Amino acid sequence: MRILLVEDELKVARFVQQGLEAEGYEVEIAADGKLGEKKARTESFDLILLDILLPKKNGFEILQALRSEKIRTPIIMLTARGTTEDIVSGLDLGADDYLTKPFAFDELLARVRSHLRRGSQNKTILKLADLQLDTVTHKASRGGSQIELTTREYALLEFFLRNPSVLLSRTQLAKEIWGFSFDPGTNIVDVYVNHLRKKIDNGFPVKLIHTERGKGYFCSDRAQVKAGK
């Protein structure tokens, strides 16, 4: 799961980043409002942690801009401004939650988990780089070009995209997609991953499906596994 943290206080940003990464999340930091808004618009994140008092553009302005463009990524406001008026303003503009500094990391983590769980259940369009998967129509595309998928390939791709950068073993994939215990004598998982890889990655400079030799597979636009599961 990818999280965007828009926070200009370096100590707070590093503390939150290290804590979340220790829990298996991938965290991207933006130290000012303009950079944070640009990242939120152009990159795919599962959750945004957004401070209010930011240089160049404040959190309320960013929140309003993102919601006006129909960007529905869950947003938790992190701020020292904990007045009722500020909280109401943030929620009215489309924030999903509000946490006042200083906060206990365990409380932040609980809220992150809650919103990611809710967002994962409700999300119908899954994205990674220029790859897009519609979980309602079961249509996939990359770089604007449609990709034809079989039922198993679709299920495999959806599972990868719901677990970005997570190393998934062959046993996990077999159980999730085929619903049976993994037989080390069969290569069905490898065969289907290779079929999917040809459809998703062939012809594109950035490869999205990666192999961790002897361990499994993961889907990422960074060619490096960030989390285990």
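Values in this text are rule-based calculations from the coordinates and carry no lab data. What you are looking at is a predicted structure, and each value in this text was computed from that prediction instead of being measured. Counting neighbours? That spans all protein chains shown, and the Cβs are built from the backbone with ideal geometry, glycine included.
Before anything else, pin down the relative contact order of the chain: Cα pairs under 8 Å, at least 6 apart, normalised by residue count, whole percent. Once divided by the residue count of the chain, the mean separation gives 15 percent. For region 65-197, the C-alpha radius of gyration sits at 1.38 times the compact-globule guess of 2.2 N^0.38 Å, with N the residue count. By how many degrees, between 0 and 90 and to the nearest 10, does the Cα long axis of helix 33-42 differ from the longest principal axis of the chain? On a 0 to 90 degree scale, this one is about 30. Going by neighbour counts of Cβ atoms within 10 Å, the residues ILE147, ILE48 line up, fewest first, as ILE147, ILE48.
Computed from Cα atoms, the angle from the helix 188-201 axis to the main principal axis of the chain rounds to 60 degrees.
Overall, region 125-228 carries a charge dipole of about 220 debye about its Cα centre when +1 sits on the Cβ of Lys and Arg and -1 on the Cβ of Asp and Glu, all other atoms neutral. In terms of the mean number of neighbouring beta-carbon atoms within 10 Å, the peptides 167-176, 209-218 order highest first as 167-176, 209-218.
Of the GluC sites (Glu not before Pro) found in region 10-66, those that fall in a DSSP loop while having at most 16 other beta-carbon atoms within 10 Å are GLU23, GLU43. Report the normalised scattering of region 2-122 as log10 I(q)/I(0) at q = 0.16 Å⁻¹, calculated by the Debye formula with identical scatterers on the alpha carbons. So the normalised log intensities work out to -0.68.
Remark on VAL166: its backbone amide H falls under 5 Å from those of CYS219, a criterion applied only to residues 5 or more positions apart or on other chains, H modelled at 1.01 Å from N. Take every pair of alpha-carbon atoms less than 8 Å apart whose residues are at least six positions apart; their mean separation over the length of region 104-157 yields a relative contact order of 17 percent.
Taking the fewest neighbouring Cβ atoms within 10 Å as the starting point, the ordered list for PHE15, PHE160 is PHE15, PHE160. For the chain, the residue among HIS115, LEU208, ALA65 whose Cα projects farthest onto the positive side of the dipole built from Cβ charges is LEU208.
With a simple spin-label model that places each label point 7 Å from the Cα along the Cα-to-Cβ direction, the separation between THR150 and ASP201 comes to 1.9 nm. Near the amide H of LYS57, within less than 5 Å, lie the amide hydrogens of GLY33, LYS34, all on another chain or at least 5 residues away, with H placed in the peptide plane. Only alpha carbons enter this Debye calculation for region 125-228, each as an equal point scatterer, and the log10 of I(q)/I(0) it gives at q = 0.16, 0.24 Å⁻¹ is -0.65, -1.48.
With only Cα atoms counted, region 1-48 has Rg and Dmax values of 10.1, 28 Å.
Shape analysis of the chain yields a ratio of the Cα radius of gyration to the Kirkwood radius, Rg/Rh, of 1.01. Here the dipole of the chain is about 620 debye; that uses its Cα centre as origin and unit charges on the Cβ of Lys and Arg (positive) and Asp and Glu (negative).
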